[in-house]
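Accompanying notes for the structure given below.
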Amino acid sequence: MGAVTVTNITKTYGDATTNEQVIALDNVSFSVEPGELFGLIGPDGAGKTSMFRILTTVLLADKGQARVDGFDVVNDFQAIRNTVGYMPGRFSLYQDLTIEENLNFFATLFGTTMQQNYALIKDIYEQIEPFKKRRAGKLSGGMKQKLALCCALIHKPTVLFLDEPTTGVDVVSRREFWEMLKRLKQQGITILVSTPYMDEATLCERIALMQNGKILSIDTPDNIINTYPGKLFAVKADSIPHLLSDMRAYVPVRSSYAFGEYIHVTFKQDTDTNVADLTDYLAQKGHGGIAIKSITPTIEDRFINLMTNQAD
Ligand SMILES: Nc1ncnc2c1ncn2[C@@H]1O[C@H](COP(=O)(O)OP(=O)(O)OP(=O)(O)O)[C@@H](O)[C@H]1O
């Protein structure tokens, strides 16, 4: 049995002023194995928060079933609330309480004490302990994140839901955070984490790429990259803005998008003459400093490819 099983979950929100329905989750199914580090990856509005809120029993789905740790999210909501840890996207901390007070508060809520489960939070708590008398509202983003994680862990959850835990956090804290997750995983906790950052996708064991309430692909990061169809090229020239508009006007090109200092390009058909033909075309358009190379796709390239397929 999976630690989390989601079967045909649909969630819509109604907009009272326009009477329009927003489909936040569209018939979504997936499962997460016990002890897995699983990522929901997608841009703002993909449906990640709605999914986490349903799984942590704070939101009801319109249709479908979901189970967490064997418990049904509707019928057994109390059992789920007792056993899961949830770190919502916006920090759930009490800003006027100190680090220590926040932790004691969350421990009391779950009928436990900080001492009882100290081993689980020790590594993380030690990093913020010197500031334990400081109010949460006065902490840096990285420190708030560590405190929020400690609060979510204080009752020793079997499944941990982390909704965009690294959004708005500096690069060093982000890296430290993922190290902490790896250590938690070693303790057997199932971890579901959502992130809009594609580089973090590769740190998960399996990921679901989400867009507009749908899962576009679900697999290990390596398998998702390896199923990239066709060839991908990185193109550079002296004027990137002009390059982008000229690439979009070039009929053999299927997709082209800015990617760091390059433009990533795929062709409608992979032929031996694509690179030479494109070089000629760009030279005719007056571009200098043209460089075209074949590259290995990243998760982000695969995501863009899947989104393009969906749009087609
Ligand atoms: N309470 C609500 N009322 C109306 N629409 C909502 C509500 N909550 C979410 N939505 C809409 O549902 C869709 C999915 O939102 P959701 O928050 O689940 O996505 P997300 O991937 O977590 O993105 P974000 O990072 O922006 O929260 C979006 O189009 C969003 O605008």
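One table, with the values for the structure above:
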{"item": "Some residue of segment 150-161 being buried (at least 22 other Cβ atoms within 10 Å of the Cβ), within 16 Å of the ligand (Cβ to nearest atom) and either not hydroxyl-bearing (Ser, Thr, Tyr) or not assigned by TED's automatic domain parsing to the domain that holds MET210 (or both)", "result": "yes"}
{"item": "Residue within segment 67-75 that is more than 25 Å from THR166 (Cα to Cα), among the β-branched types (Val, Ile, Thr) and buried (at least 20 other Cβ atoms within 10 Å of the Cβ) present", "result": "yes"}
{"item": "Answer residue from segment 2-19, given it is farther than 27 Å from GLY188 by Cα and part of a loop (DSSP other than H, G, I, E, B) and is nearest to the ligand (Cβ to nearest atom) among those", "result": "ASP15"}
{"item": "Residue satisfying condition, being assigned to a strand (DSSP E or B), at pLDDT below 95, within 12 Å of the ligand (Cβ to nearest atom) and assigned by TED's automatic domain parsing to the domain that holds VAL74, within set VAL22, VAL28", "result": "VAL22"}
{"item": "Any hit, segment 115-123, residues being of a type in the set (A, V, I, L, M, F, W, C), loosely packed, with under 15 Cβ neighbours inside 10 Å and in a loop (DSSP other than H, G, I, E, B)", "result": "no"}
{"item": "Exclusive hit being within 28 Å of ILE9 (Cβ to Cβ) and touching a Lys or Arg at 6+ places or on another chain (Cβ under 8 Å), set ILE207, ILE218", "result": "ILE218"}
{"item": "Residues of segment 66-101 that turn out to be under 24 Å from the mean Cα position of the chain (by Cα) and of a type in the set (S, T, N, Q), as a count", "result": "2"}
{"item": "Count of segment 182-199 residues which are surrounded by fewer than 23 Cβ atoms within 10 Å (Cβ to Cβ) and within 25 Å of GLY260 (Cβ to Cβ)", "result": "4"}
{"item": "Given (1) closer than 23 Å to GLN145 by Cβ; (2) surrounded by 15 or more Cβ atoms within 10 Å (Cβ to Cβ), number of the condition VAL28 does not satisfy", "result": "(1)"}
{"item": "Qualifying residue in segment 162-181 (condition: in a strand (DSSP E or B), assigned by TED's automatic domain parsing to the domain that holds ALA24 and surrounded by 23 or more Cβ atoms within 10 Å (Cβ to Cβ))", "result": "yes"}
{"item": "Qualifying residue in segment 126-143 (condition: over 30 Å from ASP270 (Cα atoms), assigned by TED's automatic domain parsing to the domain that holds PHE110 and within 16 Å of the ligand (Cβ to nearest atom))", "result": "no"}
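The values are calculated or read from the model by the stated rules, or taken from the named source; none is laboratory data. Please read all numbers here as calculations on a predicted model, not as lab measurements. Glycine also receives a Cβ, built like all others from the backbone with ideal geometry; neighbour counts cover every protein chain displayed.
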